[in-house]
Amino acid sequence: MNQECKQIFEALQWASSFLEEKNREANAARLLLQHVLAVDYTGLMLNMREPLTEEQQQQFEELIHAHIAGKPVQYLIGTEQFYGRTFQVNEAVLIPRPETEELVEQALERMTAKFGDASLSLVDIGTGSGAIAVTLKKERPSLQVTATDLSEDALQTAKQNAQLLEADVTFLQGDLTAPVQHQKFDVVLSNPPYIAFDEVNVMNEVVLEHEPHTALFAEENGLQLYRRLCEELPHIVHNQAIIGFEIGYQQGEAVYNLLKKSFPQGKVEVLKDLFGQDRMVFCEIG
């Protein structure tokens, strides 16, 4: 993009073509340009004929090249949309995924079906950016929400999101259920690291090179944290409770069996995501 101070629409055309040429999503150009100009989609459309300043042009080019080099758009702009809200993200946390919105949706439906409007306690284990915990507090304000994570950096990001979105969530640092050992909950949700180490070869290099490996990978073919959670959960749930996990698409049967072993009387279900892949396991107790 050599020509000085291009109009917005020209910069967008250049970037979209360049990204496609390099096998990246053309739509990233729009998101990055909105970020540089600090406008939403409508603002961008309304200003298509306006010229970019030299500084804006330079910043935009740098971001495009950084994305082509492999850095996810969400980390470049510092945010991602989740359940209709804007969350801060950085390389200390996993970028929230649309599949996880389905976990939230299911949890909300099941809470209402099982408990009605009762005031409930919920814990989100391995909260990362705080997307699950904060969203549930916003969607159901009567919930008492606690969120745990092993990573101090992740918790800082989650706390920032809770503050920005005005969600009253209690954050605790520690390994899985360790920080809440002496409490009991009505609802437990978790989207733990679940990718097996031998799946590295089939993973997108953008994810692999930039997202935190501690939030992606787990031992025992990706099942280690589910096994540990299933061993620990009986101590922290009430007699009537809902447990919901996000899982890898090949893990449905294994996680179903782990939950059945810990909660023989529980009603365990494996649910598919919008793409028809196994993506969630829910267990209802009592």
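For the range 156-176 and the range 263-284, write down the distance between their C-alpha centroids in whole Å. When both Cα centres are located, 27 Å separates them.
Once the Cα atoms are used to define both axes, helix 252-262 deviates from the longest principal axis of the chain by about 30 degrees.
Nearest 5 is fine: what % of DSSP beta bridges in the chain come out antiparallel, could you say?
Working: 17 of 37 bridges.
Looking only at bridges with both residues in the chain, the antiparallel portion is about 45 percent.
Normalised by the number of residues in the chain, what is the relative contact order in percent for Cα pairs under 8 Å and 6+ residues apart? Walk me through the intermediate numbers first.
Values: 495 pairs, mean separation 39.0, N = 286.
About 14 percent, as a whole number.
Quick check for the chain: number of Lys pairs with alpha-carbon distance under 30 Å, counting only pairs 8 or more apart or on different chains? For the chain, the number of qualifying lysine pairs is 29.
Counting only protein heavy atoms and a 1.4 Å probe, tell me what percentage of the chain's accessible area is made up of carbon and sulfur. Numbers along the way, then the final one.
Numbers: 6500 of 13930 Å².
The nonpolar share, carbon plus sulfur, comes to 47 percent.
How big is the gap, in Å, between the Cα center of the range 7-68 and the Cα center of the range 104-150? Spelled out, the Cα-based centre of one part sits 37 Å from the other. When the chain is described by a simple charge dipole with +1 on each Lys and Arg Cβ and -1 on each Asp and Glu Cβ, the residue from LEU259, ALA147, GLN74 located farthest towards its positive end is LEU259.
Taking every protein chain into account, the accessible area of the chain amounts to 49 square angstrom per residue (probe 1.4 Å).
The values are calculated or read from the model by the stated rules, or taken from the named source; none is laboratory data. Remember, it's a predicted structure, so these values are computed and weren't measured experimentally. So basically every Cβ, Gly included, is an ideal-geometry build from the backbone, and we count neighbours across all protein chains shown. Side chains included, ligands, DNA and RNA excluded: accessible areas come from the protein's heavy atoms. Shrake-Rupley method; radii C 1.70, N 1.55, O 1.52, S 1.80 Å.
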